[in-house]
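J.: Quick one: the structure is below, and I'll ask about it shortly.
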Amino acid sequence: MEVHAPEMGLPAAEAAKQYDTFPLDTLSQKLNAGFAETRQGSGIICLTAVPNSIRMWSYYAQAHEGICVGCDTRIPPFMAAMKVVYQNPEAPLDVASILIADPSELASHISLRKAAEWEFEQEYRIPIDLTGNHPRLLPFDPSAIADIRFGARVKDDFRHKLMEAISHLPRPPKLIQMKCDFDRFVLTEEIISPWKGAGEEMSK
């Protein structure tokens, strides 16, 4: 009311009166419908710069049974990945003020910010449009696959299926087997194939 009533030529008292007479159930339904539409029409691809983090493997790769795909950041869309800022908010987010001052700031406050305790993830994000025919797919050139890491507990049948799929890639990625060092409680890497890609890499 403080911000938009003057823009609409309404005195503050009149704006407050209209607000008090507005059915809040209808307002809540409209707001929730708008939020749902926004969620369904947008998404984020999350990546990391640390493919050998034991915590990341435990969280995101089915407890070391999955894989980690390294991507060449010189090739789109990975070249557009933006770094996440790990910072706890000092105060509640004033969305209305940000929309008036600079709507683009919402990205840094919402889409690109995470609590400080997650800093070990070293996350990068790519916003995507989910309104197309394949709402949860991000098209990219297969040549962007720079390396593939197999989890320390990967199953043989899954590995065989994956190797078959890899054989059809336009260029062979570097293959790496992750192993557990139980003395130091860290993950180690053993290169399976000698191919090495140039440039920086980021892992999905």
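J.: Criterion first (open to solvent by less than 60 Å² (accessible area, probe 1.4 Å), touching a residue at least 12 places away in the same chain (Cβ under 8 Å), of a type in the set (A, V, I, L, M, F, W, C) and assigned to a helix (DSSP H, G or I)) does Ala96 satisfy it? Please lay out each step first, then the result.
T.: Details: open to solvent by less than 60 Å² (accessible area, probe 1.4 Å): yes; touching a residue at least 12 places away in the same chain (Cβ under 8 Å): yes; of a type in the set (A, V, I, L, M, F, W, C): yes; assigned to a helix (DSSP H, G or I): yes.
For Ala96, the condition - open to solvent by less than 60 Å² (accessible area, probe 1.4 Å), touching a residue at least 12 places away in the same chain (Cβ under 8 Å), of a type in the set (A, V, I, L, M, F, W, C) and assigned to a helix (DSSP H, G or I) - is met.
J.: Name the pairs: first residue in the range 168-184 and without any contact (Cβ under 8 Å) to a residue 12 or more places away in the chain and charged (D, E, K, R), second residue surrounded by fewer than 18 Cβ atoms within 10 Å (Cβ to Cβ) and assigned to a strand (DSSP E or B), Cβ to Cβ under 7 Å, at least 6 apart or on different chains?
T.: Every condition considered, the pairs that remain are Asp181/Thr188.
J.: Additional query: In contact with a Ser or Thr (Cβ under 8 Å, 6 or more places away or on another chain), at pLDDT below 90 and under 30 Å from Lys174 (Cα atoms): which single residue out of Pro135, Pro127 fits that description?
T.: Working: Pro135 fails: in contact with a Ser or Thr (Cβ under 8 Å, 6 or more places away or on another chain).
Pro127 is the lone residue from the list that is in contact with a Ser or Thr (Cβ under 8 Å, 6 or more places away or on another chain), at pLDDT below 90 and under 30 Å from Lys174 (Cα atoms).
J.: Let me ask something else. Scan Ala91, Ala5, Ala33, Ala101 and give me the residue that is open to solvent by 80 Å² or more (accessible area, probe 1.4 Å) and modelled with pLDDT under 85. Quick ask: steps written out before the conclusion?
T.: Values: Ala91 fails: open to solvent by 80 Å² or more (accessible area, probe 1.4 Å); Ala5 fails: open to solvent by 80 Å² or more (accessible area, probe 1.4 Å); Ala33 fails: open to solvent by 80 Å² or more (accessible area, probe 1.4 Å).
Being open to solvent by 80 Å² or more (accessible area, probe 1.4 Å) and modelled with pLDDT under 85 holds for just one of Ala91, Ala5, Ala33, Ala101, which is Ala101.
J.: Here is a further query. All but one of (1) in contact with a helix residue (DSSP H, G or I) (Cβ under 6 Å, 6 or more places away or on another chain); (2) assigned to a loop (DSSP other than H, G, I, E, B) hold for Ala15; which doesn't?
T.: Going through (1) in contact with a helix residue (DSSP H, G or I) (Cβ under 6 Å, 6 or more places away or on another chain); (2) assigned to a loop (DSSP other than H, G, I, E, B) one by one, Ala15 breaks only (2).
J.: Another question, then. Keeping to the range 14-26, report how many residues are surrounded by fewer than 10 Cβ atoms within 10 Å (Cβ to Cβ), of a type in the set (A, V, I, L, M) and at pLDDT 80 or above.
T.: 0
J.: Quick one: count up the residues across the range 41-80 that are assigned to a strand (DSSP E or B) and either surrounded by fewer than 16 Cβ atoms within 10 Å (Cβ to Cβ) or of a type outside the set (Ser, Thr, Tyr) (or both).
T.: Of the range 41-80, the ones assigned to a strand (DSSP E or B) are 42-48, 67-72.
Keeping just the survivors that are either surrounded by fewer than 16 Cβ atoms within 10 Å (Cβ to Cβ) or of a type outside the set (Ser, Thr, Tyr) (or both) gives 42-47, 67-72.
Selection size over the range 41-80: 12.
J.: Looking only at the range 28-73, count how many residues are under 29 Å from Val186 (Cα atoms) and free of Cβ contacts under 8 Å to residues at least 24 places away in the same chain. Steps first, answer last, please.
T.: If we filter the range 28-73 for residues that are under 29 Å from Val186 (Cα atoms), which is where we start, we get 45-73.
Applying the additional criterion that residues be free of Cβ contacts under 8 Å to residues at least 24 places away in the same chain yields 58-60.
The number of residues fulfilling the criteria is 3.
J.: Could you tell me which numbered condition Lys83 fails, if it satisfies all but one of (1) of a type outside the set (A, V, I, L, M); (2) in contact with a Lys or Arg (Cβ under 9 Å, 6 or more places away or on another chain); (3) surrounded by 14 or more Cβ atoms within 10 Å (Cβ to Cβ)?
T.: (3)
J.: Name the single residue that is nearest to Gly43 (Cα to Cα) among those in the range 104-128 being in contact with a Phe, Trp or Tyr (Cβ under 6 Å, 6 or more places away or on another chain) and surrounded by 13 or more Cβ atoms within 10 Å (Cβ to Cβ).
T.: Per the stated criteria, the residue is Lys114.
The values are calculated or read from the model by the stated rules, or taken from the named source; none is laboratory data. Owing to the predicted nature of the structure, the values given are computational and were not obtained by experimental measurement. Virtual Cβ from ideal backbone geometry, glycine too; neighbours counted across all protein chains shown. Ligands, DNA and RNA are stripped out before the accessible areas are found, and what is left, the full protein with its side chains, is counted by its heavy atoms. Shrake-Rupley method; radii C 1.70, N 1.55, O 1.52, S 1.80 Å.
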